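Derivation of every value follows stated rules applied to the coordinates shown; laboratory data play no part. These numbers were taken from a predicted model, which means no experiment stands behind them. FYI the Cβ positions are ideal-geometry reconstructions off the backbone, even for glycines, and counts take in every protein chain you see.
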Amino acid sequence: MINDLTRNAGQMLVVGFDGTALPRSVSSALSDGHIGGTILFARNIIEPAQVADLNHQVYQAAGEGLLPFVSVDQEGGRVQRLKEPLTRIPPMLEVGKTGNPRLAMRIGKVLGSELEALGFNLDYAPDADVWTNPENTVIGDRAFSQDPHVVAQFAGALAAGLLEAGIVPCAKHFPGHGDTLLDSHLDLPIVQHDFERLNEIELPPFRSLIAGGIPMIMTAHILVPSIDTRHPITFSENGLEQLLRKQMGFKGVIVSDDLEMKAVADRYEVDEMMALGLRAGVDLFLVCKTEEVWQEAFECLVKLGEKSSADKALISAAAARVAKLKMDLLRPWRRPDDLMSLLGTDENQRVVAEVRALAANR
């Protein structure tokens with residue numbers, strides 16, 4: 001039965017799946033209000049028409065009411081789930097080297113316009129990490145710069161371009177993944193900097209983005225002992241509710257990185273992740289592949305709300321933030337009549353060529 005609690009719990013989940021068509025279980029969960037959206041990966045993608053069909057199925061399954069998040073990781077450089085015939089976007093480090101934030105905004109519009117044509121409405125970009133450790137290949141050229149002020153300026157410009165194209169931007173990975181050696185897909189990175197250093201290097205891009213109205217921020221599965229000695233930031237009340245919300249003033253949606261990444265999945269059971277994440281301040285949980293995991297996550301959220309009025313209030317508040325973002329920024333999508341004419345256009349290619357030329361000459 002759909003009630004306020006189940007509907008609110010569902011709005012807190014975005015899920016991935018295998019295959020190039022929408023699985024019946026995901027379609028049913030969208031229809032029943034048990035999830036609030038989807039995320040696609042390379043395993044879901046064959047070519048543009050198929051992606052547009054798949055995303056159309058997501059909208060149809062969700063039916064009337066709040067639109068679903070239809071999301072993807074499309075940063076540019078190494079992180080581009082959708083490749084040709086879409087425009088190949090350079091790494092963000094190359095964009096940052098241009099010294100021209102207006103070009104970064106135009107790159108955001110190129111990215112966003114092609115994603116919107118395919119039916120997406122949320123992109124987990126820009127990367128707001130400051131790449132201070134040359135040995136950190138997890139971030140590397142995904143970052144705009146080693147300078148926090150450059151990162152702040154360019155991440156804000158790219159986010160503005162995405163928004164102008166109709167795509168919700170999401171800054172990541174709070175509070176900063178730029179000085180880590182381990183990959184949180186595989187293990188739990190630890191950032192040993194004191195808070196003074198974080199305040200000087202890692203946090204300024206996020207402060208700037210918050211001041212500019214960024215609607216969504218993704219957490220990092222990293223342990224930062226100067227913030228929380230027990231839990232990674234995704235499950236840290238000190239990191240999310242106290243630092244990000246109260247001290248930094250973020251009022252938008254906090255989304256977790258994928259809960260199936262080993263940094264957290266090897267250390268916590270699903271029920272622990274739901275309880276800790278909810279109480280830390282997570283509004284939206286990503287479960288990027290396994291149906292059993294996202295089904296259990298939904299059930300755990302509902303049980304938390306049934307057992308505790310405090311947890312039920314947190315679920316309601318999180319769902320309200322998600323709903324506000326959706327109502328403010330998501331728009332109904334209609335598949336373009338001539339989809340291919342909107343992808344990899346000459347104008348979009350010119351923007352990329354301008355970035356490459358300017359970066360090469362600096």
List Thr20, Thr98, Thr234 from most exposed to least, where exposure is judged by having the fewest other Cβ atoms within 10 Å. Thr20, Thr98, Thr234
For region 45-132, which GluC sites (Glu not before Pro) are in a loop by DSSP, counting at most 14 other Cβ atoms within 10 Å? Glu64
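Could you sort 320-330, 145-155 so that the peptide with the highest average Cβ count within 10 Å comes first and the rest follow in order? Numbers along the way, then the final one.
Working: 320-330: 16.9, 145-155: 22.6.
The peptides rank, most packed first, as 145-155, 320-330.
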Relative contact order for region 209-362 using alpha-carbon pairs under 8 Å, separation at least 6, rounded to a whole percent? 19 percent
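Find the relative contact order for the chain and round it to a whole percent, using C-alpha pairs within less than 8 Å whose residues are 6+ positions apart.
Values: 758 pairs, mean separation 73.6, N = 362.
Answer for the chain is 20 percent.
What net charge do the residues around Ser25 carry, taking every other residue with its C-beta under 12 Å from that of Ser25, with Lys and Arg at +1 and Asp and Glu at -1?
Working: positive: Arg24; negative: Asp18, Asp32, Glu291, Glu292.
That works out to -3.
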So what's the net charge close to Gly108: Lys and Arg +1, Asp and Glu -1, counting the other residues with Cβ under 13 Å from its Cβ? -3
Relative contact order (%) - criterion: Cα under 8 Å, at least six apart; region: region 1-73: 35 percent
Give me Val352, Val72 ranked fewest to most by other Cβ atoms within 10 Å of their Cβ, as a rough exposure proxy. Val352, Val72
Fewest-first sequence of Lys262, Lys312, Lys307 by Cβ atoms within 10 Å of each Cβ: Lys307, Lys262, Lys312
Write down the percent of antiparallel bridges among all DSSP beta bridges whose residues are both part of region 4-360, to the nearest 5. 10 percent
What does the charge count near Ala52 come to, summing +1 for each Lys or Arg and -1 for each Asp or Glu among other residues with Cβ under 14 Å from its Cβ? -4
